[in-house]
Every structure is written in structure tokens, then in C-alpha cells.
Amino acid sequence: MTVSELDPRLIADQPGLAGAWASFRRRLGQGELGSLPVLVGVAVIWAIFAIANPNFLTPGNLTNLVLQLAATGTISLGVVLVLLLGEIDLSVGAVSGVTAAVVAVLNVDHGVAGWLAILIGLAAGAAIGALQGFWVTRFRIPAFVVTLAGLLAWTGALLLVLGDTGTVNLTDSTIVGLANTFLIPLDAWLLALLVAAAYAASKLLERRRRVAAGLPIPPLRTIVTRMVVLTAGALAAAAVLAADRGLPLALVIFTGLVALVDLLIRRTRFGRHVLAVGGNAEAARRAGIRVDNVRLVVFTLASTLAAAGGILAASRLFAVSQSSGASDTLLNAIAAAVIGGTSLWGGRGSAYSALLGGLVIFSISNGMDLLGVQSSTKFIVTGAVLLLAATVDAVSRRGRQAAGRA
């Protein structure tokens, strides 16, 4: 029996294709491939729908896909934060609806300025999240139960806020402009270059810090390859947007929020505390982390992001109705986070899960709409993709645990 047979982790050290293939299998089994599986999935989905309907990859359709993604993707960002704790929030869809209703009623019925109504709506979302987080931390009630109660309560509050009208149409330029403003095509190119430059700078800075700390570093060719792929993707997206109506303001808002949440998770003490609590809450408590405070802040942020997503959705539709935040909003927000790579067991994931997972969800939905597929089939396919992502997460978790015991 060889050394590599005794410890599979050492197979990666073998030269040639055998070692490379063994390393790939090990990383796949332990969930160490990052966003690669999701990106491959998006490429396959796009290829299938492009063959089935040539209109799928047209600039107009892809721009509409981005606008659909921005609202639910913003809600999914909050779900990512909650999942990182190893918790769940079932109220985000209802919160997005009731806060959007607050904004609409204040602006239309009470004459409150659009910008002020938006701020009040975000504050209402934060208050709801703080209330639910308080209930979870103070009374030790499982978040599943508290947020399920919230789903019911905030759905009722939505009906109460809207009153007998049922629907409030939005005309304020500030509110409707959030999802219906398109910047000039040049801005799309500038944003693409800015994203590529920021990514390159962050990776090179991270490499320098690891070298200074004497930590292992990835090969430089790996970093350069990732930079090239990201830059090509960003420039391709800019070309598509520029060929249609330009850069949507909603996309700028969404990507900005993704970047901020990513910085919060990876570059701040609070983000490290979130990951620590999600990985092992008792160990985090013994390390001096105020676990309850972390949970309270995370639930507050999740509901605030849900409010932001609800306002973006209302802006895109020019209205708020009794169905706002209902239907598949909650399901898509959770599915996007999980499909994008955030672990259901906490402690693993990133803000980009909301972006990539949302891209998968809405690519499937958009493509099936173009093909005239029934809603029943759409739900079945989306459910199957979610189950597949959860299965991969479970298998990867078992692989990491086995590697840790070895």
C-alpha cells in the first residue's frame, strides 16, 4: 500500500494528469471549487436556452433578466447573512412586501417625498428585523418559528397598510427611477473596468499579505487566469447592456450591495464573528464573541435588505399590490443563496452566492417563459436544482468532516 493510498489528501502532490485529477476530485468532494460549479451551470443553462430560442441571448432579454434579478437578489443577500449563522428567515418575502407598501402609501396617500419614504421603508425593515432578532435571542425560540410567525403577521400587515384599494400605483420619479433609470452605455464599460480592477487589486493585496505572513499562496497563474476570466465576463456584460438601453441603475445598486456585504463578511471583525457563530456557536461564545448581539444585527440587516429588495421590485412594476412579496419571492431568495454556494449548516458562503444563484434561478425562469413553458414545470425544475445544490452542500460537508478526522 502506497503513502497516497493511506492518505488521499497526498494524492494531489503526485505529478501529471493523475495528480491533477485526484486533486480536482478531492476539492470537488470537499466543496473547495468555489463558484466554478455555479458558473459552469450558468453556461450550460444559457447554451441550452440559446439553442432552444435565439432570443434568449439578445441584449433586450438579458437586460430584462438583470432587472428581474436585482430585486430578489437584494433580498437573497440578507438570506445569505442569516444562513451563514446557520439560521433561516422565512419572513423576508413578506417583509419586502409590507415595507414597499409603507413607501407607496406614504408617498401617494400622504405626500411624503420619495427619498424620505424610501428611508422610512428601510427603517421599517430594520425595525422588523430587530424585533424578530430580539425574539430569537431573548426567548430562545428557533428562528424558523419566529420568522414563520413573521411571514404570517407581515402578510396581514401588508393588507392592512394597503387598505381597501388593494393596489397603489407609483409615479414619483425618485421611487420609480430606481429600477427604470438607465445610465449611458459608456458607464457600463467604466463599471466593468472598475469591477475588474477592484478584483485584481484585492487578489494581489491578499497575495502580498499571505506572503508577508508566511502563509501558503496560490500560483500566480491561477490568479491571473481568474482576472482574465472576470475581466472578459465583465466586458461581455457591458457590451450586452450597451447594446440595449445602457447600464440599469438597479444593477449598480445591487452589485454595490453585493460588494458591501462581501466586504462586511470577509474584511471586518463582525463578518468573522458571523462566520465563527455559524461554524460553532458554543466555541464562538467561549472565545468571547457576543453571539446574541451578532444574531440580532444579522436579522436586522436581513430585513433591511429585504425592504430594499421590495422597494426595487415595486419600482420595476410601478406599483405595490396585495401580492407584493408573495408567490415565489421567498422561495427564490432562499434558493438563490443555496444554489450560489452558501451552506445550509452555516459558516460557509459569500455575498456572491446571491448574485450567482439568482442568475441561475432567473435564467431558468426567463428561458422557460420564452419557450412558453407552464408555471408548474418551472417550479419543478427550480425545486430540482435547489435539491441538487443542497445535496452537493451535504456531500461536501461530509467530505470536509472526513478530511478533518483523517
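Derivation of every value follows stated rules applied to the coordinates shown; laboratory data play no part. All figures in this text were calculated on a predicted structure; none of them were measured in a lab. Ideal geometry is used to build each Cβ from the backbone, glycine not excepted, and the neighbour counts take in all protein chains shown.
Things to note:
- The Rg/Rh ratio of the stretch 197-271, with both radii computed over alpha carbons and Rh defined as the Kirkwood radius, is 1.07.
- Overall shape of the stretch 306-345 was characterised from the C-alpha gyration tensor. The equivalent ellipsoid obtained from it has semi-axes of 24, 10, 7 Å, in decreasing order.
- Helix 352-371 and the longest principal axis of the C-alpha atoms of the chain enclose an angle of approximately 70°.
- Packing rank of 187-193, 201-207, where each peptide gets the mean count of other beta carbons within 10 Å, highest leading: 187-193, 201-207
- Projecting the Cα positions of Ile128, Phe299, Leu84 onto the charge dipole of the chain (unit charges on Cβ atoms of Lys, Arg, Asp and Glu, taken about the Cα centre) puts Leu84 furthest along the positive direction.
- Given charges at beta-carbon only (K, R positive; D, E negative), |dipole| of the stretch 190-348 in Debye: 820 debye
- The stretch 83-232: relative contact order as a whole-number percent, Cα under 8 Å and 6+ apart: 27 percent
- Helix 92-108 vs. the chain, principal-axis angle (Cα, 0 to 90°, nearest 10): 30 degrees
- In the chain, a dipole from Cβ-located charges (positive for Lys and Arg, negative for Asp and Glu) runs towards its positive end, and of Leu183, Gly156, Val146 it is Val146 whose Cα lies farthest in that direction.
- Rounded to whole Hz, the Karplus (6.51, -1.76, 1.60) HN-Hα couplings of the stretch 131-136, x for glycine and proline: 5, 5, x, 4, 5, 5
- Hydrodynamic radius of the chain by the Kirkwood approach over all distinct alpha-carbon pairs: 22.5 Å.
- Each Lys and Arg Cβ is given +1 and each Asp and Glu Cβ -1; about its Cα centre, the chain then shows a dipole of about 1720 debye.
- Here the extension length gained between Ile48 and Trp345 equals 103.7 nm, from 0.36 nm per residue of separation less the Cα-Cα distance.
- Pairwise label distance in nanometres, Leu230 with Asp292, each label 7 Å out on the Cα-Cβ vector: 4.0 nm
- Compactness relative to 2.2 N^0.38 Å, alpha carbon Rg of the stretch 128-204: 1.86
- Per-selection metrics, the stretch 59-144 (Cα): Rg and Dmax in Å: 15.6, 51
- Pairs of Cα atoms nearer than 8 Å and 6+ residues apart set the relative contact order; for the chain it is 33 percent.
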